[in-house]
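For reference, the structure discussed in these notes is given below.
The values are calculated or read from the model by the stated rules, or taken from the named source; none is laboratory data. In this text the structure is predicted, and so the values were computed from the model without any measurement. Reconstructed Cβ throughout: ideal geometry from the backbone, glycine too, with neighbour counts over all protein chains shown. Side chains included, ligands, DNA and RNA excluded: accessible areas come from the protein's heavy atoms. Shrake-Rupley method; radii C 1.70, N 1.55, O 1.52, S 1.80 Å.
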Amino acid sequence: MEGEDKASEDDKSFSKASIPKRIAICAAGAIVNILFAVVVYFIVLATSGVYISNVVDSTIPGYAAEQAGIQSGDVIVELNGEKVNNKYDLDDIMQNATGEEIFVKVERNGETLEFNIEPTEVQSKVTGMYLDDKCQVIMVEKGSSSEKQGIQANDVITKINNVDTNRDTNKIIEVLQQKGLGTILLTIQRGNEEINIEFTPDYVSTYYLGVNMRMAPDTFLNRCYYGLVETKTFVFSIVDNVKQLFTGNVGIDQMTGPIGIGEMVSQTNGFREFIYLMALISISLGVTNLLPIPALDGGKILILIIEAIRKKPMKPENEINIQLLGFSILIALSIYVSYNDILRLF
């Protein structure tokens, strides 16, 4: 646009527009990316036909809900004072459960019933590492047992307890699912080096009410409602992932560039999965482009905000130097991410 890269005397140019208009112009491209992804994602979800309500279908034998007297057909309307409209609300609340009693309000045949239920504790093994289908580590969580015991992204697990994995991730999962499992021996290929690691997974407690929820009626209104619910979850998960990158919970070596994206696209199964991925890429691009980093639209917006506060523009040479610095950082990051993508391929 005229006046965006350098000053122009044209009254209709970018440089002559007001600061709010310039901010809107800078943000427009990223916002279109986000809106496109949200609309596509909503359409896909609204036509999927898989919607889970807040009505109890059955209770799991031996779990807390059955012992407390929850019955099939009960409508769970409240947990610990928070409203429950669907299974996603229930899951979100239970994720923060610590084993203490939970106040549960249900509706049964027009009557409101209240229960104080101590959720059932289930212990499970957690490694903190994520594998692709060829036994390669694609991500290691900060502070997890995998990180503490020296496992790194791009490691390839070739043996487990001295048995070849044959690059089949299911063999690793089968071993990890064994009850009473303590320490296991992992043989890892890291570059040209073979490393043996005595690995002990973490055990974490998860708390459950022990209910199976009914499918919601497949109506037009329910399609719209549940499509919106899942779309909101999808958007917030992207924002959370970006936040984790800046807080150090996700490393730069776990990012994916054009090469990795191309590989993921080639592995998609069917049109629906392909659309999911396209929506994910579009919204990720939009959110990333709004980050206050020089050379991105978010960086330009930050400079405009500073200009509004100072009530005068930044010196052109200073702005150019800042943009060049940001551009150099982005190029270096692109090279590094592409290099990691190539390593993952081979």
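Heavy atoms only, probe 1.4 angstrom, no DNA, RNA or ligands counted: give me Glu111, Glu273, Glu230 ranked by accessible area, highest first.
Glu111, Glu273, Glu230
How high is the FRET efficiency between Ser328 and Ser124 when r is their beta carbon distance and R₀ equals 45 Å, given to the nearest 0.05?
0.50
Which net charge results for the neighbourhood of Lys105, defined as the other residues with beta-carbon distances under 12 angstrom from its beta-carbon, given Lys and Arg at +1 and Asp and Glu at -1?
Neighbour charge sum, excluding Lys105 itself: -4.
Tell me the relative contact order for the chain as a rounded percent, counting alpha carbon contacts under 8 Å between residues six or more apart.
Answer for the chain is 21 percent.
Protein chains only, probe 1.4 Å: how do Tyr207, Tyr339 rank by accessible area, largest first?
My answer, sorted largest first, is Tyr339, Tyr207.
Leaving ligands, DNA and RNA out of it, rank Ile60, Ile195 by accessible area with a 1.4 Å probe, largest first.
Final ranking, largest accessible area leading: Ile60, Ile195.
How big is D for segment 28-88, in µm² s⁻¹ as a whole number, if Stokes-Einstein is applied with the Kirkwood radius of its Cα pairs at 20 °C and 1.002 mPa s?
My calculation gives 146 µm²/s for D.
Would you please give the residues with an amide H less than 5 Å from that of Ala216, counting only those at least 5 places away or on a separate chain, with H modeled from the backbone geometry?
Tyr51, Ile52, Ser53
Just checking my list (i) 40, 27, 18; (ii) 43, 33, 19; (iii) 45, 25, 15 against semi-axes √(5λ) of the Cα gyration tensor in Å computed from this structure; which label fits?
This structure yields the entry labelled (ii).
Taking one equal scatterer on every alpha-carbon of segment 40-131, how large is log10 of I(q)/I(0) by Debye at q = 0.15, 0.25 1/Å?
Summing over Cα pairs of segment 40-131 leads to -0.70, -1.33.
Expressed as a rounded percentage, what relative contact order does segment 152-204 have, with Cα pairs under 8 Å and six or more residues apart?
Reported as a whole number, the value is 36 percent.
Starting with the highest mean, order 61-73, 309-321 by the number of other Cβ atoms within 10 Å, averaged over the residues of each peptide.
Final packing ranking: 61-73, 309-321.
For segment 152-229 and segment 89-105, what is the separation of their C-alpha centers, rounded to whole Å?
24 Å
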